[in-house]
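Working notes for the structure below.
The values are calculated or read from the model by the stated rules, or taken from the named source; none is laboratory data. Everything numeric in this text was worked out from a predicted model, so none of it was measured. Every residue, glycine as well, gets a Cβ built from its backbone with ideal geometry; the counts of neighbours run over all protein chains shown.
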Amino acid sequence: MNSELIYGRIADALLCDYSSVYYVNAITNEYVSYAMDPEFRSLITSSEGENFFEQLKIDVERVVYEEDRHIFTEHLDKETLMREMKNKTMQNIVYRLMIDGMPVYHSLRLIRGQSTDDQFFILGVTNIDKEVRMELEAERLGRERKIYNQIAQSLASYYNTIYYVDAENETYTEFSASTEYDELDIPKTGSDFFGESRKNAMRVVFCDDKERVLEIMRKEYITDKLKEQKIFSIKYRLLLGGTFKYTRLSAMWSSDKTHFIIGVENIDEQMKKELANKELEKKSKTYSQILNSLAYRYDSIYYVDISSGAYSLYSATGESGALTLLKNSSDFFGDVPGIVKKLVYENDREMVIDTLYKENLLERLNNNDSFSLRYKHLINGSYSYVNLRVAWAEDRCHIILGIANIDDQVKLENKYKSELISATAKAMNDKLTGVKNKNAYQETESALQRSIDQCSCEPFAVLICDLNDLKIINDTLGHKAGDDYICAACQLICSIFTHSPVYRIGGDEFAVILREYDYQHKDELFEELRRQVLENCEKNDAPVLASGLAEYEPTIHQKVSEVFELADSRMYANKKELKKLSQ
């Protein structure tokens, strides 16, 4: 067989993977290009010319994607090409050709370079569009998966334990972020989540809460609740470490609605603070515990690269509850003023911009891993209250900002606060004078005592005032005149101690708690009170009241009552002095 024929067939077989091949004379720059004949799987002559490099410049401007043209300028002039071939350093060149108006990835590689015997080189062009786009798609999916995972981890880390429950057969798996619940001896996996939960409730749930937990821990009950709301939460007390601690259980659907996601979190410290500071509010079971939780429904989520400022905006308002990418952008902190101006209520804009200023935001996150901000946000054409929660992502290189509509909760909260304020005002105010009454004083005294016990008490002083001759006025002029006398005395006290709460603690006795401004100026204010009383002693229709002032001294006083008693004794001494003056 003819050896040239054999070599030719071998060459065809080796070169048939290329869409085109260029044969270039390294001395004269003459060239011949070959194209692949798809029918016979062999190369056929496509074109030829006298100057490969000059023609290359023309072809680049005509068919190469604009952003990739610089590649040929930098790598395919004759001198660079000859040098890289000689040193065997030439790499594959990847670029995009415009085909039917679309950029298509191709690779240009050296098939054979100049040798000592052959003064030519061969370049092959391969269509690699499918392979490159598969790699780019894989990279995109990898980045997106990483972002989703970090958002999920950030949300899930809020719970101590999460149960993943099959909605059909009730099999479950437990995922725990701590060992706090290990002492309950509950299996990590099982086949009857609700049955086992009810059985365990009999053993570890506080007796007053058992009936409610047993009713709720049924698949049918939670399924019905999740028809009405995206997340269903309950609070109860659980036996942990030998004591009953407040716990919150939240139930929600997985995105495909085939599993329940049950989150359990220890809220004991939070509940104790709420019960101690807001005793009246504990009667209201309508307050949603979800307000401070990362598990409530977010209308939108920002995922921000804290270093570069690049960010992605996601929405979670669809029927499935799955995150949907709305946009990608490159400068979150630069975009914040525009976003705020467009979406945030005018009175709240300065606060939101200040909070999201990069340095301020990082300072708060470094002090606390997460924080929340409430403001009014434009939703569906009107402003509604939202809760913005900011937290570190798992990698500590990104932050996650979740915005949730809490308008209904805020309105309910404001309603109950208004009712509580109204009820408190009636219970704590003196009907005759309008100042605070004895009940209010006792509340203030209790709060001061707690701060003394905790070694966190700010400086304060107590002023005690007692009216002279009230009984004489009542007996001679009547109780109406006596009431007017009391009100005039109260007005005198309030006009001097304008920054302090005034309490009527008896029929003719008043107390004032001096803090901050009035405390800092207590001596001059006290002198002013006594000066006016001395002037009133010369009048027949002006109130005369004895007074005594005592300052809290941490090294001497252990109780608020000790400061009160000292002020009271000084008041009685002053009363004796005033009686001598009136004789």
Of S320, S293, S288, which residue is at pLDDT below 80, farther than 21 Å from C397 by Cα and within 16 Å of the chain's Cα centre (by Cα)? S293
Identify all residues within the stretch 539-556 that are in contact (Cβ under 8 Å) with a residue 60 or more places away in the chain and not hydrophobic (A, V, I, L, M, F, W, C); write none if there are none. P543, S547, G548, E551, Y552, P554
Can you confirm whether S418 is within 41 Å of the chain's Cα centre (by Cα) and modelled with pLDDT of 90 or more? no
For the stretch 193-209, pairs from a residue that is at negative phi to a residue that is surrounded by fewer than 14 Cβ atoms within 10 Å (Cβ to Cβ) and at pLDDT below 85, with Cβ under 8 Å and 6 or more apart or across chains, are E196/P187; N200/L184; V204/L184
Restrict the check to the stretch 418-438 and report whether at least one residue is within 20 Å of L313 (Cα to Cα), part of a loop (DSSP other than H, G, I, E, B) and among the hydrophobic types (A, V, I, L, M, F, W, C). no
Considering residues that are more than 21 Å from H499 (Cβ to Cβ) and either in contact with a helix residue (DSSP H, G or I) (Cβ under 8 Å, 6 or more places away or on another chain) or assigned to a helix (DSSP H, G or I) (or both), the number found within the stretch 455-465 is 0
Kindly indicate whether I403 is modelled with pLDDT of 90 or more and either in the same structural domain as V304 (by TED's automatic domain parsing) or under 14 Å from D305 (Cα atoms) (or both). no
Could you identify the single residue in I493, I486, I452 that is part of a helix (DSSP H, G or I), aliphatic (A, V, I, L, M) and farther than 25 Å from V560 by Cα? I486
Criterion (closer than 16 Å to K575 by Cβ and in contact (Cβ under 8 Å) with a residue 40 or more places away in the chain) met by exactly one of I486, I464, I472: I464
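Quick grid of which residues meet (1) outside the structural domain of I231 (by TED's automatic domain parsing); (2) hydrophobic (A, V, I, L, M, F, W, C); (3) touching a Pro at 6+ places or on another chain (Cβ under 7 Å); (4) free of Cβ contacts under 8 Å to residues at least 60 places away in the same chain:
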position: V340; (1), (2), (3), (4): yes, yes, no, yes
position: E346; (1), (2), (3), (4): yes, no, no, yes
position: I353; (1), (2), (3), (4): yes, yes, yes, yes
position: R389; (1), (2), (3), (4): yes, no, no, no
Can you pull out the residues in the stretch 35-60 that are at pLDDT 70 or above and in contact with a helix residue (DSSP H, G or I) (Cβ under 7 Å, 6 or more places away or on another chain)? G49, F53, L56, V60
Determine whether A201 is under 24 Å from K272 (Cα atoms) and modelled with pLDDT under 85. yes
Yes or no: the stretch 114-132 includes at least one residue that is at pLDDT 65 or above and closer than 30 Å to V304 by Cα. yes
